[in-house]
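Written below as structure tokens is the structure these notes are about.
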2 protein chains.
Amino acid sequence: MDLDRRLSFLREIDRLKSVTRASPLLDRSRRENSAEHSWHLSMYAWLLADYAAADVDVSRVVKMLLIHDIVEVDAGDSPIHGAVDAGQAEKEERAARRIFGLLPASQCDELIELWREFEAAESNDAQFAKALDRFQPLLINIFTGGGTWTDRGVSYEQVLERYGPASERGAPQLWALAKEWVASHFKREPAER
Amino acid sequence: MDLDRRLSFLREIDRLKSVTRASPLLDRSRRENSAEHSWHLSMYAWLLADYAAADVDVSRVVKMLLIHDIVEVDAGDSPIHGAVDAGQAEKEERAARRIFGLLPASQCDELIELWREFEAAESNDAQFAKALDRFQPLLINIFTGGGTWTDRGVSYEQVLERYGPASERGAPQLWALAKEWVASHFKREPAER
């Protein structure tokens, strides 16, 4: 019975592979989906943990990033440059209760608490995870010569405003580097160096 | 310089999202790729760790599964029901040296050793990881009413032979359950219960 519940959850989250994000793959062949994005971010966390603003538990950050987008199975992706949906947070909370609720109680509690910690962005682990969740799509845009910035007509100032605070808080050295790239992409002098 | 190398690696492994596996998504809309498969397997490891044959370090198994297929960026996927390529192991070893070699030396060593441990399938962690790498595609076939077994005309006996040993060694209870499902799928009495 307990195993059935774990397998139901593992089966349900297969749908994350069909949630399409705004960001392209680096070869621009198609858009990234949220499952492979979660895999990639987990690799970022593992390999860039030295750049966290404060002490982090790498394995915890990896787990946090493995599950950070699972609510999108019900709630969909909400792109950083898209319109703000006032009901999104509530939709995601409902999704978390339904999807993590497929698991046996103790695992449900563990995953939902970790997801809420990520969303709250208060702990060191969550702030680092949030920073990477900004840094990775930013890098995609740099490496693809514009990506979602070009698609959505995003300005230099909007990039600084939308990626900066979370990136700087959780991974200031990565943000320092990213800022240079962003300035160079928009042909500006780096801001606030 | 060190950061450049980490980012080169993280950039290079984006290509794993374009390595297509034989297994379909559960909704059969397309085939799974190796990046999202790696994400899914990491979730399996985390949530099914109680079913490992022996004590395992869950975080290590998660990391092992995050990287277990990265060599496919160069070497391609070698499906369980495909023709055996005698040069595959050598191709993968060469791929591992090139791709993990993009990283700074200490991270390269860590990842390549973990990957080789997975391939060797001797440690508890690796045997559990290998078992899941059989169990997840088997479940896909069960949940999609045949999947790659139907595509490739795979028999009941071949399923037992190709999935059984690794699954049973690393996760005997999961294999016991899988065997029942396989028998039911092929309309046989469960073997060796």
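The values are calculated or read from the model by the stated rules, or taken from the named source; none is laboratory data. Not measured: the values here are computed from a predicted model. Here the Cβ positions follow ideal geometry from the backbone for every residue, glycine too, while neighbour counts run over all protein chains shown. These accessible areas exclude ligands, DNA and RNA; they are computed on the full protein's heavy atoms, side chains included. Shrake-Rupley method; radii C 1.70, N 1.55, O 1.52, S 1.80 Å.
Side notes on the structure shown:
- Condition met for residue B:19 (more than 26 Å from residue B:144 (Cα to Cα) and modelled with pLDDT of 95 or more): no
- In region A:10-23, the qualifying residues are those that are more than 7 Å from chain B (Cβ to nearest Cβ) and open to solvent by less than 60 Å² (accessible area, probe 1.4 Å), and the one that is nearest to residue B:104 (Cα to Cα) is A:23.
- Residue satisfying condition, being open to solvent by less than 10 Å² (accessible area, probe 1.4 Å), at the interface with chain B (Cβ under 7 Å from one of its Cβ atoms), among the aliphatic types (A, V, I, L, M) and over 16 Å from residue A:100 (Cβ atoms), within set A:26, A:47: A:47
- Among residues of region A:161-185, those that are assigned to a helix (DSSP H, G or I), among the hydrophobic types (A, V, I, L, M, F, W, C) and in contact (Cβ under 8 Å) with a residue 60 or more places away in the chain, counted: 1
- Matching residues, region A:29-44, being charged (D, E, K, R) and either under 11 Å from the mean Cα position of the chain (by Cα) or at the interface with another protein chain (Cβ under 9 Å from one of its Cβ atoms) (or both): A:30, A:32, A:36
- Only listed residue being more than 27 Å from residue B:5 (Cβ to Cβ), touching a Phe, Trp or Tyr at 6+ places or on another chain (Cβ under 7 Å) and more than 7 Å from chain B (Cβ to nearest Cβ), chosen from A:96, A:75: A:96
- Selection status of residue A:56, within 27 Å of residue B:35 (Cβ to Cβ), within 14 Å of chain B (Cβ to nearest Cβ) and buried (at least 16 other Cβ atoms within 10 Å of the Cβ): yes
- Any chance residue B:158 is over 23 Å from residue A:9 (Cβ atoms), part of a helix (DSSP H, G or I) and in contact with a Gly (Cβ under 7 Å, 6 or more places away or on another chain): no
- Taking region B:104-144 as the range and being open to solvent by 40 Å² or more (accessible area, probe 1.4 Å), free of Cβ contacts under 8 Å to residues at least 12 places away in the same chain and not acidic (Asp, Glu) as the test, the residues that pass are B:105, B:106, B:120.
- Among (1) more than 14 Å from every other protein chain (Cβ to nearest Cβ); (2) over 19 Å from the mean Cα position of the chain (by Cα), the one test that residue A:117 misses: (2)
- Counted residues, region B:29-44 - those being surrounded by fewer than 19 Cβ atoms within 10 Å (Cβ to Cβ) and either charged (D, E, K, R) or closer than 18 Å to residue B:70 by Cβ (or both): 2
- Residue check, residue A:122 at pLDDT 95 or above, part of a loop (DSSP other than H, G, I, E, B) and closer than 23 Å to residue A:45 by Cα: yes
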